[in-house]
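Notes follow once the structure below has been shown.
The values are calculated or read from the model by the stated rules, or taken from the named source; none is laboratory data. The shown structure was predicted, so the numbers you read here are calculated from the model rather than taken from an experiment. Methodologically, a virtual Cβ is constructed for each residue, glycine included, from the backbone with ideal geometry; neighbour enumeration extends over all protein chains shown. With ligands, DNA and RNA removed, areas are computed over all heavy atoms of the protein, side chains included. Shrake-Rupley method; radii C 1.70, N 1.55, O 1.52, S 1.80 Å.
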Amino acid sequence: MALGRDGLIQIILIGNSIVMLAPIIIMVMSAFKTNAQIFQSPFSLPDFTKVGNLVRVWTETDFIRYLMNSFIVTGSSIALILVLGTMAAYALARYEFRGANLILLFFLAGLTLPLKLAVIPLFIQMRDLGLLDTRFALIFIYVATGLPTTVFILTGFIRSLPNELEDAARMDGASEARIMWAIMLPLVRPAMVIAAIQNIVPIWNDFFFPLIFIQSNDLKTLPQGLTTFMGEFGTDWGVLFSGLTLSALPVIILYIALSRQFVNGMTAGAIK
Amino acid sequence: MARLSLRGIKKSFKAVDVLHGIDLEVNDRELIVFVGPSGCGKSTLLRLIAGLDPITEGEFWLNDRLMNQIAPSRRGIAMVFQSYALYPHMNVYENMAFGARLMGLDKAEVEARIAEAARMLRLEPLLERKPRELSGGQRQRVAIGRALVRKPQLLLLDEPLSNLDAALRSEVRLEIARLHREIGGTTIYVTHDQVEAMTLADRIVVINAGRIEQFGTPRELYETPANTFVANFIGSPRMAMLEVERQGERLVAPGIGEVAPDRLPQGTEKDILLGVRPDGMTLTPGADGTGFAASVVYTEYLGDSAFVYVSMAGGPPISVRCGPETHLSPDMPVRIHVLPGKAHYFSRSTGQRLAI
């Protein structure tokens with residue numbers, strides 16, 4: 001075997017990268033093509049100077065409004081998930097109290113729940129709460145779906161941090177709130193970034209819940225708003241792909257910006 | 001100023017009793033070492049004194065104030081942790097300033113205290129560094145500095161040398177002894193290493209299985225160990241223990257031999273454990289003669305002396321300190337003699353020391 005094990009792994013990884021990247025590349029290329037070009041030569045390189053599709057996304061839809069809605073919904077959901085998730089995880093990881101494990105299991109049970117099956121009860125609940133066609137409907141659901149993974153990731157991470165750090169802060173006279181804020185939070189940041197990215201992508205891209213709960217054009221999120229171009233009789237694929245490209249852009253940029261945080265070994269030097 | 005008084009301290013974690021009633025009186029300015037095998041409860045006791053864990057039963061008084069319910073930061077106690085527990089995201093200065101600021105000191109006072117601690121511990125060039133950019137010995141000094149900045153009445157050190165390499169240990173040990181004198185407070189030091197305990201302590205607390213086995217100066221512990229545990233734990237190599245029977249003026253070990261020591265224990269107990277340290281015995285080559293019969297296992301040559309390990313009737317090896325000129329090959333028969341005034345006696349049933 002000339003290649004050996006490593007060579008084989010390399011081939012598999014390269015193949016995997018191609019499979020993962022191909023849809024994104026085709027999406028970007030199709031954003032610069034007309035409907036006809038997309039069907040005649042789906043894999044050909046487009047003329048990147050033809051930005052007509054992008055202009056149409058900009059002018060024929062409320063792109064900016066949808067973008068803002070997506071930002072508001074995703075941003076508030078993530079903020080709530082991180083705040084609630086970190087506090088819950090810290091309590092579960094560090095304080096011994098009756099039922100702590102039960103609560104953790106209860107959070108984990110949330111991972112196994114296919115929320116879309118509960119959409120009718122959810123709809124009834126939101127209607128009774130008077131939250132239909134509001135951003136709160138989306139935010140509440142996203143926070144509920146995001147908390148299990150967040151609590152799971154952060155509880156494990158906080159448990160791995162040395163106990164003596166908190167003891168040292170306690171000896172120094174720090175209150176429990178200050179220990180959490182000044183000592184633990186900076187150390188937990190890498191795990192919070194992971195939890196954030198883990199949640200941002202599905203929330204940003206979600207199509208299902210906005211479709212169910214949002215009717216007003218003013219409140220539509222990006223994936224929902226872009227369906228303007230998906231008609232009953234014909235779909236303008238080129239424009240749709242431009243919209244998708246624009247919609248994926250913020251997440252991709254965020255991903256690249258935050259990926260450095262992953263490897264930030266903050267605990268190095270805390271203990272020997 | 002710090003006088004400690006522990007009265008009947010007990011600690012249980014759920015159903016497990018870790019400490020079974022600790023009584024201890026510590027004077028001001030003493031350097032006290034808690035020593036014992038791992039899991040004996042010495043670190044637990046330290047955490048109770050610090051206030052990091054609640055006391056299950058008993059009272060802890062510091063300078064005539066009952067401390068049981070008082071928060072750790074209000075006890076006037078600082079602690080250096082085994083892992084140092086430096087805040088990894090703060091630099092050395094901030095690590096030391098964190099506690100001082102929380103004490104409500106004004107800015108100038110915080111700076112003055114840090115400057116003083118940095119001078120004492122030679123940390124001035126390191127103040128801007130993060131913990132991960134420091135060596136083990138430097139981290140150790142920062143951890144001590146962070147404790148000193150709070151000007152504690154009582155300084156607690158939890159196995160402070162265990163993460164350092166052997167070369168640094170004796171150096172830092174001296175440093176700690178110097179700091180203790182310079183600060184003029186009371187220090188409690190936890191270790192499992194009896195050499196550290198012997199060299200540093202004013203008085204040593206030997207703890208085993210959640211009880212105090214003996215509390216005294218290093219000399220008292222070495223010369224008059226209260227029981228077989230302390231006798232075995234203090235001193236290196238270990239004290240030899242031999243089961244003997246008292247027959248009048250003689251101590252007889254069946255099948256091994258007999259000795260007639262200069263002093264015998266008081267009382268009439270017949271079943272006695274005879275304990276002798278390596279420097280309390282001599283040996284003569286040959287199978288015949290007085291003393292205990294033994295055979296050589298191996299010899300450790302140390303330059304100025306040699307430890308000969310011998311076995312009596314196939315028992316565990318015991319060490320005898322000999323001159324460096326000793327040449328004994330394995331399996332050679334020898335006779336062991338006890339030097340005058342070097343015998344320790346313990347009851348075989350209770351393990352307690354028998355007075356002479």
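Of the listed requirements (1) within 27 Å of the chain's Cα centre (by Cα); (2) part of a loop (DSSP other than H, G, I, E, B), A:Pro42 misses just one: (1).
Just a yes or no: is a residue in the stretch B:22-35 aromatic (Phe, Trp, Tyr) and open to solvent by 70 Å² or more (accessible area, probe 1.4 Å)? Talk me through it step by step, then tell me what you get.
Here is the first cut: in the stretch B:22-35, the ones aromatic (Phe, Trp, Tyr) are B:34.
After this cut, where a residue has to be open to solvent by 70 Å² or more (accessible area, probe 1.4 Å) as well, the list is none.
Scanning the stretch B:22-35, I find no residue that is aromatic (Phe, Trp, Tyr) and open to solvent by 70 Å² or more (accessible area, probe 1.4 Å), so the answer is no.
Please determine whether any residue of the stretch B:21-43 is within 12 Å of chain A (Cβ to nearest Cβ) and charged (D, E, K, R). Within the stretch B:21-43 (the criterion being within 12 Å of chain A (Cβ to nearest Cβ) and charged (D, E, K, R)), the answer is no, since none of the residues qualifies.
Taking the stretch B:70-114 as the range and being under 14 Å from A:Leu165 (Cβ atoms) and open to solvent by less than 10 Å² (accessible area, probe 1.4 Å) as the test, the residues that pass are B:Val80, B:Phe81, B:Tyr84, B:Ala85, B:Leu86, B:Tyr87, B:Pro88, B:Asn95, B:Gly99.
Against the definition (open to solvent by 100 Å² or more (accessible area, probe 1.4 Å), under 17 Å from the mean Cα position of the chain (by Cα) and at pLDDT 90 or above), how does A:Phe136 come out, yes or no? Taking the combined requirement at face value, the residue does not satisfy it. One residue stands out among those in the stretch B:205-236 that are hydroxyl-bearing (Ser, Thr, Tyr) and not in a loop (DSSP other than H, G, I, E, B): the one that is least open to solvent (accessible area, probe 1.4 Å), which is B:Thr228. Residues of the stretch A:161-183 that are more than 10 Å from chain B (Cβ to nearest Cβ) and in contact (Cβ under 8 Å) with a residue 24 or more places away in the chain: A:Met180 alone. Report whether or not A:Ile200 is under 30 Å from A:Phe106 (Cα atoms) and either open to solvent by less than 30 Å² (accessible area, probe 1.4 Å) or modelled with pLDDT of 90 or more (or both). Yes: the conditions hold for A:Ile200.
Taking into account only those residues within the stretch B:186-223 that are among the polar types (S, T, N, Q) and touching a residue at least 24 places away in the same chain (Cβ under 8 Å), which is farthest from B:Val338 (Cα to Cα)? Give the steps one after another, and end with the answer.
Filtering the stretch B:186-223 down to residues among the polar types (S, T, N, Q) leaves B:186-187, B:191, B:194, B:199, B:208, B:214, B:217.
With touching a residue at least 24 places away in the same chain (Cβ under 8 Å) added as a condition, the list becomes B:186-187, B:191, B:194, B:199, B:208.
Numbers: B:Thr186: 41, B:Thr187: 39, B:Thr191: 32, B:Gln194: 25, B:Thr199: 27, B:Asn208: 29 Å.
Going through the qualifying residues, I end up with B:Thr186.
Taken across the stretch B:16-34, residues that are modelled with pLDDT under 90 and outside any strand (DSSP E or B) do not occur at all. Hey, any hits in the stretch A:143-156 for a residue that's open to solvent by less than 10 Å² (accessible area, probe 1.4 Å), closer than 29 Å to A:Ser242 by Cα, more than 14 Å from every other protein chain (Cβ to nearest Cβ) and at pLDDT 90 or above? Yes, some residue in the stretch A:143-156 is open to solvent by less than 10 Å² (accessible area, probe 1.4 Å), closer than 29 Å to A:Ser242 by Cα, more than 14 Å from every other protein chain (Cβ to nearest Cβ) and at pLDDT 90 or above. If you go through the stretch B:57-108 and keep only what is of a type in the set (Ser, Thr, Tyr) and more than 10 Å from every other protein chain (Cβ to nearest Cβ), you end up with just B:Tyr93.
Checked against (1) open to solvent by 50 Å² or more (accessible area, probe 1.4 Å); (2) of a type outside the set (Ser, Thr, Tyr); (3) under 29 Å from B:Tyr87 (Cα atoms), A:Pro190 meets all criteria but (1).
Is the stretch A:239-250 home to any residue that is in a helix (DSSP H, G or I), closer than 27 Å to A:Thr86 by Cα and under 16 Å from the mean Cα position of the chain (by Cα)? Scanning the stretch A:239-250, I find at least one residue that is in a helix (DSSP H, G or I), closer than 27 Å to A:Thr86 by Cα and under 16 Å from the mean Cα position of the chain (by Cα), so the answer is yes.
For the stretch B:136-149, check the following and say yes or no: at least one residue is crowded, with 23+ Cβ neighbours inside 10 Å and free of Cβ contacts under 8 Å to residues at least 40 places away in the same chain. Yes, there is a match, as at least one residue in the stretch B:136-149 is crowded, with 23+ Cβ neighbours inside 10 Å and free of Cβ contacts under 8 Å to residues at least 40 places away in the same chain. Of the residues B:Asp165, B:Asp193, B:Asp158, B:Asp202, the single one that is surrounded by 19 or more Cβ atoms within 10 Å (Cβ to Cβ) and of a type in the set (D, E, K, R) is B:Asp158. The set of residues from the stretch B:224-259 being free of Cβ contacts under 8 Å to residues at least 24 places away in the same chain and among the aliphatic types (A, V, I, L, M) comprises B:Leu251, B:Val252. Criterion applied to A:Leu108, A:Leu102, A:Leu129 was being among the aliphatic types (A, V, I, L, M) and surrounded by 14 or more Cβ atoms within 10 Å (Cβ to Cβ), and the one residue passing it is A:Leu108.
Could you please find all residues in the stretch A:86-99 being open to solvent by 40 Å² or more (accessible area, probe 1.4 Å) and not aliphatic (A, V, I, L, M)? Before the answer, list the steps.
Applying the first criterion (open to solvent by 40 Å² or more (accessible area, probe 1.4 Å)) to the stretch A:86-99 yields A:87, A:94-98.
Correct list: A:Arg94, A:Tyr95, A:Glu96, A:Phe97, A:Arg98.
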